[in-house]
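Here's the structure, in C-alpha cells; my notes come after.
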Amino acid sequence: MQQLSAMDASFVYLETPTTPMHIGSLAIYDPSTAPNGKWRFKEVLAFIESRLDGARAFRQKLVRVPLDLDHPYWIEDPDFDLEYHVRHIALPEPGDWRQLCILTARLHARPLDLTRPLWEFHIIEGLDDIEGIPKGSIALLSKVHHAAIDGVSGVEITTALHDLEPDAGPRDFGVTWKPGSKPTDAELLARAHINALRQPFTMLDVLARGVPGLSKAASGLLARDLKLPVTSLAPDTVLNKKISAHRVFDGVLFALDDIKAVRALVEGATVNDVVLATIGGALRAYLAGRDALPSENLTAMAPISVRTADEKSAAGNQVSAMVVDLGTTIADPVERLGHVHRKTQESKELTNAVGARTLARMSELMPGALFGLGARLYTRTGLANAHAPAVNCGVTNVPGPPMPLYFAGAKLVAQYGTVPLFDGTGLVNVAYSYNGMLTISFTADRDALPDPQNYADALRESFAALKRAADGSAAPAPKKRKRKAVEAA
C-alpha cells in the first residue's frame, strides 16, 4: 500500500463531472506487420494481459481516507477485471479523420471509474477513409488518470506494451503480482493521524530546502540578473471560461527534420521553442478570425519534469511548471520565434534559480485534509472563473522514442496526446515526438473552441510560415486540403 503525494492527490480532488483528470493518447497502428497480417481483438486482449506486470498503474486502484482527511492510497486491486478496461469499437462508414477526432473527444470526455484501476483502452477499427495512413489501420485510445502518471512516467506503460520488433516474444518483467486487501477505515484514520503529527516536520524540511532558492531568485530579480518572463496576469480570452462536460480534439503532424530546420532560424532555439512559436502563431490567427485577439500576448503553462535518473520509472507526478509568453501580438513568424526563445530562457533561468523540485514540493506545505478541502472548494464553487486567468492555455511536450515501435506486432504509425482541462483553461496542446515525426494535438472545451478544424488549420499554416522563412521562400501559404492523420514529410 502506497500513499499518493500531494500533487498526485490533487488530481483526485480536482476531478468533477465536467473536468475529468485523465491523460492519454490516440495511437494509430498498421496491423499488416502483425502475425498473419491482421489484429484479432481476442489476441490483442491476451497480449495486453501478458504485459500487465510491466506497469504498476494497470492493477492498482485508489482507496480514499474517510472524509478525505488525508491523501488516498494505492492498493493492488483484488477484483481486477481486464475486460472491463479494454473495449472494442468501430467507426461507422466512411471512417474518416473527422469521425475519429469526434469519437476521441467523446470518449475522452467521460470520467474514469474511481473505484477501479484508473485506466481504459479503446480499440477502434473502421479507419478506412483517412488519407495518409495504411488501409486497415486500427487506433488505440488510452485513458490513464493523472493521479497515476505524468507524461514521463507514462513511458513505463509505453515500454510495457511495445517492442522494437514486430515478432518479439514474451517478456519477463521480474514481477510476481499479488492482489492486495483493502485497509479498514480505522487503519486509514490512524495513518492520517500519524501523518498529521509529521506534517510540521515536512513543512520545515520543504522550507529549509526552498528558502535558499527563493532568496537567490529574489536577489537575482533585484540585481536585474534575472527577469520575470511575464509581468502581469494573462489577458482574458474566449478560451478562458467555465469548462463544460464536452470536448473537441484534433491534431497535425510534422517532420522533425522540418522542425529542426526552423529551429536554426534563431540561434539557441530549441524544438520546444518552435512548437511554442507555432502555437502562438496559430492562436493569433485563430482568435483574430473570431475577432477575439487580445492586445496583450497570450501565455501558456508548460510542465517541467523534475525526475532524476533514478526516478524514471517511478509512478505518479514529479513535475513543476513554468509560464511562457507565446508572442501572439507579433505578426512576423521569425520575430515571434526569437521572442518565444528569449522568454522561455528567462522562465528557465528563474525556475532554475528557485529550483524546479522546490516548486514541485510546495504542495506538501499544506496538511492533506486542508489541501483536499481547498482543491474541492476551488473547483466546486467556480473560483477559477472569479479572477483573471493565470494562463491562457497549456502546452506540454512529451519526447517519444526515435525508432519504430510495435504493439502486438502492429507498427505504431503516429501518436497524438490527450489531456485534462481545468476551469478557466479551455485549451491544452500536446507535442509528441516519435520516429522522426512530431505531432501537435489539442484537447479543448467545445464551448470555448467550437471549430477545432479551424484551429488545426491555423497550426498547420503557422508552421508553414516558419518553414517558408527557413527555406528562404516567399511562396504563398498552402491551401486548405482534405484532413488526414499523417502528413507527407
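Arranged from highest to lowest average of other beta-carbon atoms within 10 Å per residue, in what order do the peptides 67-80, 161-174, 23-36 appear? Please report the intermediate quantities before stating the final value.
Working: 67-80: 18.7, 161-174: 12.2, 23-36: 21.7.
Result, highest mean Cβ count within 10 Å first: 23-36, 67-80, 161-174.
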Express in nm, to one decimal, how much length is gained between Lys42 and Thr16 on full extension, taking 0.36 nm for each residue of separation and deducting their alpha carbon distance. 5.9 nm
If each K or R counts +1 and each D or E counts -1, the residues other than Glu187 whose Cβ falls under 14 Å of its Cβ total +1
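Per residue, how big is the convex hull of segment 414-457 when only Cα atoms are used? Give it in Å³.
On the way: hull volume 2.9 nm³, N = 44.
Dividing the Cα hull volume of segment 414-457 by its residue count gives 66 Å³.
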Ordered by residue, what ³J(HN,Hα) values in Hz, to whole numbers, does segment 113-121 give under the Karplus form 6.51 cos²θ - 1.76 cosθ + 1.60, where θ = phi - 60° and Gly and Pro are x? 7, 6, 8, 10, x, 8, 7, 8, 10
Return the percentage of antiparallel bridges among DSSP beta bridges fully within segment 2-187, rounded to the nearest 5 %. 80 percent
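State to the nearest 20 debye the size of the charge dipole of segment 2-187 about its Cα centre, where the only charges are +1 on K and R beta carbons and -1 on D and E beta carbons.
Numbers: 18 positive and 29 negative charges, 36 e Å.
Dipole of segment 2-187, to the nearest 20 debye: 180 debye.
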Backbone HN-Hα couplings from phi across segment 411-425 [Karplus 6.51/-1.76/1.60, Hz, Gly and Pro as x]: 7, 6, 8, 7, 9, 10, x, 10, 9, x, 10, 10, 3, x, 10
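Suppose R0 equals 35 Å. What FRET efficiency, 1/(1 + (r/R0)^6) with r the Cβ-Cβ distance, do Ala186 and Glu83 give to the nearest 0.05? Can you show the working numbers first?
Details: r = 34 Å, r/R0 = 0.98.
About 0.55, to the nearest 0.05.
Under the Kirkwood approximation applied to all pairs of distinct alpha-carbon atoms, what is the hydrodynamic radius of segment 2-187 in Å?
After inverting the pairwise mean of 1/r, the radius is 18.0 Å.
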Return the long-range amide H neighbours of Asp70 (sequence gap of 5 or more, or a different chain), with a cut-off of under 5 Å between placed amide H atoms. Val65
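Of Lys143/Lys260; Lys260/Lys343; Lys61/Lys242; Lys42/Lys411, which ones are farther than 24 Å apart at the Cα? Each step should come with its number before you reach the end.
Numbers: Lys143/Lys260 31 Å; Lys260/Lys343 19 Å; Lys61/Lys242 30 Å; Lys42/Lys411 18 Å.
From the list (Lys143/Lys260; Lys260/Lys343; Lys61/Lys242; Lys42/Lys411), the Cα-Cα distance tops 24 Å for Lys143/Lys260; Lys61/Lys242.
Which order do the peptides 263-273, 432-442 come out in when sorted by mean C-beta neighbours inside 10 angstrom, highest first?
Packing order, densest peptide first, comes out as 432-442, 263-273.
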Show me, for segment 182-197, the HN-Hα J-couplings you get by feeding each phi into the Karplus relation (A = 6.51, B = -1.76, C = 1.60, θ = phi - 60°), rounded to Hz, glycine and proline as x. 6, x, 6, 4, 4, 5, 5, 5, 5, 4, 4, 5, 4, 5, 5, 5
Counting only residues 5 or more places away or on other chains, whose amide H sits under 5 Å from the amide H of Asn397 once H atoms are built in the peptide plane? Ala431
Ranking Leu107, Trp97, Leu164 by how far each Cα lies towards the positive end of the charge dipole of segment 2-187 (+1 on Lys and Arg Cβ, -1 on Asp and Glu Cβ), the top one is Leu107
How long, wide and thick is segment 237-297, going by the Cα atoms along their three principal axes, in whole angstroms, largest first? 39, 27, 18
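Quick note: the coordinates plus some simple rules give every number you see, no bench work behind them. Small disclaimer: the values here were computed from a predicted structure and weren't measured. Don't worry about glycine lacking a Cβ; one is built from the backbone with ideal geometry, like all the others, and counts go over all protein chains shown.
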